[in-house]
Amino acid sequence: MSGVGGEPDFDADATEEADATEDAGAVKKAEGTEGTEGADGTADTMDLRLPDELLALIAEEETEPSGSGRTDNQDSAVSLAPPTATPRADLRMPYDDLLDGVAEWGPAATPGGLFHLVPVRMERDLPLISRWMNDPAAAEFWKLSGSASVTEDHVRDQLAGDGRSVPCVGVLDGTPMSYWEIYRADLDPLARHYAARPHDTGVHLLVGAVADRGRGLGSTLLRAVADLVLARRPSCARVIAEPDIRNTPSVAAFLTAGFRFSAEVDLPDKRAALMVRDRSLRHLL
């Protein structure tokens with residue numbers, strides 16, 4: 001489902017083998033220049049422990065309600081008590097998701113600010129998400145404009161599922177500003193349209209506020225979320241997206257975020273660009 005301006009995404013690929021050959025060559029060429037990698041293709045990292053004083057300070061800041069947040073481009077209907085001020089127990093899904101606990105992934109530092117993925121709570125988030133879906137740029141691709149019940153039905157279908165898709169609000173420096181769907185692409189109907197691999201993880205993105213679009217923020221957040229997926233899901237080798245091929249800004253944002261174009265695929269509701277971010281190439285793209 002979705003793109004940066006807003007749109008759902010699916011994808012499939014008959015050219016995966018050629019892409020994989022090129023990817024392998026790129027990785028081999030880069031060998032010895034990107035740090036040490038393990039046999040499974042993941043980069044070795046050092047386990048560093050932060051000082052107790054710094055950990056305490058971080059914990060204090062994360063539990064403190066943010067009344068300031070971002071003041072530039074802030075949506076007028078956004079509450080001053082952002083979702084990140086909600087107790088941790090309130091962020092959990094009503095079931096164990098199949099994505100290694102999205103609610104527990106934690107924040108990501110980005111050039112645009114500190115970013116959190118916060119699982120949707122309908123009573124809290126529906127009015128804001130519904131208003132975003134009624135923006136003309138979003139409505140063209142997401143097709144969820146109209147009364148709040150249209151968006152509610154779409155989101156409830158995911159919340160009532162078995163954990164293969166987790167709808168989230170993206171919170172940047174304390175301000176809710178985007179809608180995300182993190183999903184198991186290999187367990188999704190999308191898998192019938194491309195050469196899916198176990199634990200492929202898909203992303204859909206809608207940047208809510210018009211002022212946050214067209215300035216590179218979408219690609220910044222896409223890269224951050226793809227990095228989160230690969231860091232928190234060691235079994236996942238690829239992050240997948242399938243924006244509508246007509247949504248040029250969305251496709252461009254994925255390319256800028258380190259995804260590669262894999263194929264054009266015909267899906268039930270659109271012709272999509274299958275975009276792939278490979279674990280093995282994440283330091284190169």
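The values are calculated or read from the model by the stated rules, or taken from the named source; none is laboratory data. Note that the structure is a prediction, hence the values are computed from the model and not measured. Note that we place each Cβ from the backbone using ideal geometry, even for glycine, and neighbour counts take in every protein chain shown.
Assorted remarks:
- Scanning the range 229-251 for residues that are of a type in the set (Val, Ile, Thr) and part of a strand (DSSP E or B) returns VAL239, ILE240.
- Hey, ASP90 more than 22 Å from VAL210 (Cα to Cα), at pLDDT below 95 and within 20 Å of the chain's Cα centre (by Cα) or not: no
- Within the range 198-251, restricting attention to residues that are among the polar types (S, T, N, Q) and crowded, with 22+ Cβ neighbours inside 10 Å, the residue that is nearest to GLY106 (Cα to Cα) is THR201.
- Residue ranges of helices (runs of 4 or more DSSP H) in the range 96-177 with at least 2 members touching a residue at least 60 places away in the same chain (Cβ under 8 Å) and not hydroxyl-bearing (Ser, Thr, Tyr): 122-133, 136-142
- Check on THR151, at pLDDT below 95 and among the polar types (S, T, N, Q): no
- Subset of the range 252-265 (residues that are part of a strand (DSSP E or B) and surrounded by fewer than 20 Cβ atoms within 10 Å (Cβ to Cβ)): ARG260, PHE261, GLU264
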